[in-house]
1. Could you work out the mean count of beta carbons from other protein chains within 10 Å of each residue's beta carbon in A:70-77?
2. What value, in deg cm²/dmol to 500, does the helix sum -39500 (n - 2.57) over DSSP H runs of n ≥ 4 give at 222 nm once divided by the residues of chain B?
3. Which order do the peptides A:192-201, A:377-386 take when ranked by the mean count of other beta-carbon atoms within 10 Å per residue, highest first?
4. Taking the Cβ of residue A:173 as the centre, find all other residues whose Cβ is under 15 Å away and add up their charges (Lys, Arg: +1; Asp, Glu: -1).
5. Project the alpha carbons of the range A:292-427 onto their principal axes and report the range along each, largest first, in whole Å.
6. Show that you can apply the helix-only estimate: for chain A, add -39,500 (n - 2.57) for every DSSP H stretch of four or more residues, divide by all residues, and state [θ] at 222 nm to the nearest 500.
7. Tell me the net charge near residue A:148. Cut-off is 11 Å between Cβ atoms, residue A:148 excluded, with +1 for each Lys or Arg and -1 for each Asp or Glu.
8. Want the number for residue A:114 to residue A:141: 0.36 nm per residue separation, take away the alpha-carbon distance, what's left?
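Read-outs throughout are calculated quantities, based only on the coordinates presented, and are distinct from any laboratory measurement. Keep in mind it's a predicted model, so treat the numbers as computed, not measured. Neighbour counts are summed over all protein chains in view; Cβ atoms, including those assigned to glycine, are modelled from backbone coordinates with ideal geometry.
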Amino acid sequence: MPEINVQQLDFSYGDRSILENLNFEIASGSFITIIGPNGSGKSTLLKNLSASLIPQKGAVLLDREDIYRINKRSLAKQLAVVPQDNNVDFEFSVLESVLMGRMPHQNRFTGDDERDVAIARWAMELTGTWDLKDRYITTLSGGELQRVVVARALTQEPKVLLLDEPTSHLDIQYQYDLLELLRTLNRTKGLTIVAVLHDLNLAAQFSDQVILLNRGKIMAYGPPVEVLTLQNIKEVYQIEAVISQNEITGRFNIIPLGKFKNKPDGVKNIRVHLVCGGGKGAFLMDRLYQHGFEVSCGVLNVGDTDWHKARELGLEVAEEAPFAPVSPKAVEVNRRLIKKSDVIVVLPVPIGKGNLANLEEVLAAQVNLKKKVVIIEQESIDKRDFTGGTARKLISRMIKNGACTRKNPNDVMELVDEEINEIVKDR
Amino acid sequence: MESSLSVRKRWKYLIAVSFLFLLVESIFTTTIGPASISFREAVGIILSKFSFLESLFGGKEYADVHETIIWTIRMPRVVLAALVGGALAVVGVTFQGFFRNSMADPYVIGISSGAALGATIGILTGVGDFLGMFQIPLFAFGSALVTTWVVYNLSKVGNKVFTHTLLLAGIALSAFMSAIMSFMMVLNAEEMHKVFYWLMGSFANRNWDHVIMVSPLILIGTALLMFFAKELNAMLFGDSTAQHLGVNIDKLKIVLLVLGALTAAGAVAVCGTIGFVGLIIPHIVRIMVGPDHRILLPMSFLVGAMFMVATDTFARTFFAPVEIPIGIITSLFGGPFFIYLLRKKKVV
């Protein structure tokens, strides 16, 4: 059953339209995050959901009731808000500040009874603020104040909790503490949570559903995996990012790389071939791919991390059966890919008897076909040469023949840019 | 029990003790003056006025002169001073909560001048004479209300009220209204001294009629403002927080402006503009009892009353037989105090 129902909502500040024709539902008991770039209307949307702002058109329904018509007190019993700015200049104790959350439940002249204090204490213990109870609220740090405000919101005993960037003032451990607390409340008490978050990874990690806002419109609404795709992130934030499955947590991480650069016109056909494996090439594959280069890899064993990545991106791959040495047939495929490419990048993969052929092909192409070769030496070849010196010899011959060396895969991007300029000139 | 809550249990006693103190102070000050009257006698005279108490005290006879001095001359003045002091302090507290700023005060933000202008118009033009003795309070109230509304809207940028615009708007508006008052006084030269003395603020020659005239405004205004103590507390945390705690902020603001203007107008109508009481008293009381309006409002009323009764006694006796308008005294103390607050807070 939907708890919150937004219907054809338009909101503008004067002439400036902020939200345009929003329609969505938030199911009871869900954990929703609203994300989007600055100025996309996240906070404005949250303020519309909490009746702080009144839309020009449309409605927000809470349990089928229009929230602009519900009287403020009964609304405060159902819906609590943690706003972004909470500065106070007056010296209330922390406990008194939290107890104010009981206001909607009290009469004008009744004080706080034992139940009120018990609820405040419960909320303060959850948020780790009980120890601060006798401190003046004016003396708290930004992070402490933030947690006190959350405690006050919980003291309202709401069904829905709206939070506007609740983690922005918090140190990393408190960010996780807070979001984990919210998730626990969400799971155990069925508290519906709608939070505006800046951090895409936190959004991905904690929420059931993500609303991605862009220029006042909903770009996507759904589970994090479906919403936080490279395509969406690129379009909305105009940055490049890598999404990777984290081996430790099993969750996916979004790693922003930098401002998105469009490749220059007329270099569509630049091809880069990667000698990679074991995940060493995944990063470059992604970046090159996003820059619009045609990328190929070889030879990779089926099931290898880089093989997965290449498949995901739809790259051409010379492949070999899992854990098998490179066969002549795979070498043949690889040779064709190398021949087609303009630049070959050799990543710091361990070289053994099984994949030595990859290096041999690169050297052959460098000598015979005058291909550009870039060698990444993040880790010295001596440490990953399992061929008794043959691999090292091949690498040094490449360098002697004019191959560039770089310490970091990231440097390749600049290098590739230079190469492009040269290639464009040559053509 | 938690320490920051156990303080609340003492509130009742604090109020009771303060009220008792105010009572004793008021009676005591009626004995001060050229005619020396003992405290016992003063108590007796006052009690004898409440006929239902007469049987208790056996209807003792007092000197007519003393009875007139205590009951007809000094007592109404003391009661009026207490009412006005309390009213100004309560309005000060209210506007400080309203603006979330401890610099606000009916005098500083121009409400007192607004009320004074209304009263001046009433005194000099005689418009609305049919209202009888409520003419001046009503004029003061109407004009105070308009002033408050104008200052509020001038100092609001977006949804925020800025201190400097607030103070500047108050100063600008006060200057403007003073000019109008001066102009009116020039046009009515023969009545100039009347308005002039009234403007400086004084309790001289006030009688029970004055008490009857303004006590409804002040008592009703103050009592109703105390109804909104919890809402005012929530307002200190910001408009949006108050709203999220279930306060209908737009409605509340209108109610508070009207009640604040009503109470301030009651004070100004009867004794002119007495500055800075609404600033000093709430500040001191806040240091004593904290920012919670449930205790801050009643205590400010009581302390404001005590302060005004004492100051008025000083005003009428210190340079006797010359009486200093009380507004001069409060401004002499209040001005420097205000500067001290500004320096300390470094208001932006």
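1. Shielding by partners across A:70-77 averages 4.
2. -23500 deg cm²/dmol
3. A:192-201, A:377-386
4. Net local charge, residue A:173 excluded: -4.
5. Cα spread of the range A:292-427 along its principal axes, largest to smallest: 41, 33, 28 Å.
6. Value at 222 nm, helices only, nearest 500: -11000 deg cm²/dmol.
7. With Lys, Arg at +1 and Asp, Glu at -1, the net is +2.
8. In short, 6.8 nm is gained.
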